[in-house]
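Chemist: Before I ask anything, here is the structure I am working with.
Values in this text are rule-based calculations from the coordinates and carry no lab data. All values reported here derive from a predicted model rather than from experimental measurement. A quick note on method: Cβ atoms are made from the backbone with ideal geometry, for glycine too, and the neighbour counts reach across all protein chains shown.
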Amino acid sequence: MDGGDSGERRLSARLTDEEIEAIARRAAEIVESNFTLQVGKVTIRGFLYLVGVGGAALLAWLGLSGKIPFGK
């Protein structure tokens, strides 16, 4: 054996400051996009939950006040 190399070659690539900056900027854009998407999903889900609860409460109130005759 030749010291555990097992035939693999390691290429040492050096990144310039501009390349590192571009990679960091792209990563930040992806994180921001994913965060915005998740906030939007939570907001819409919460809004739909409130609409559903409000609709159920309205139907219950109309039914109990006699404005909607259920089963009569």
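Chemist: For segment 48-60, what does the Karplus curve 6.51 cos²θ - 1.76 cosθ + 1.60, with θ = phi - 60°, yield as ³J(HN,Hα) per residue in whole Hz, taken in order and with x for Gly and Pro?
Modeler: 5, 4, 5, 4, x, 5, x, x, 5, 5, 5, 4, 5
Chemist: Sticking with this structure for a sec: Where does the charge balance sit around A24 when Lys and Arg score +1, Asp and Glu -1, over other residues with C-beta under 15 Å from its C-beta?
Modeler: Spelling it out: positives minus negatives among the neighbours equals -4.
Chemist: List the residues whose amide H sits under 5 Å from the amide H of I68, counting only those 5 or more places along or on another chain, with H placed 1.01 Å from N in the peptide plane.
Modeler: Answer set, sorted by chain and number: G63.
Chemist: If the label point is 7 Å along Cα→Cβ of L48, which residues in segment 15-41 have backbone nitrogen under 14 Å from it?
Modeler: 40-41
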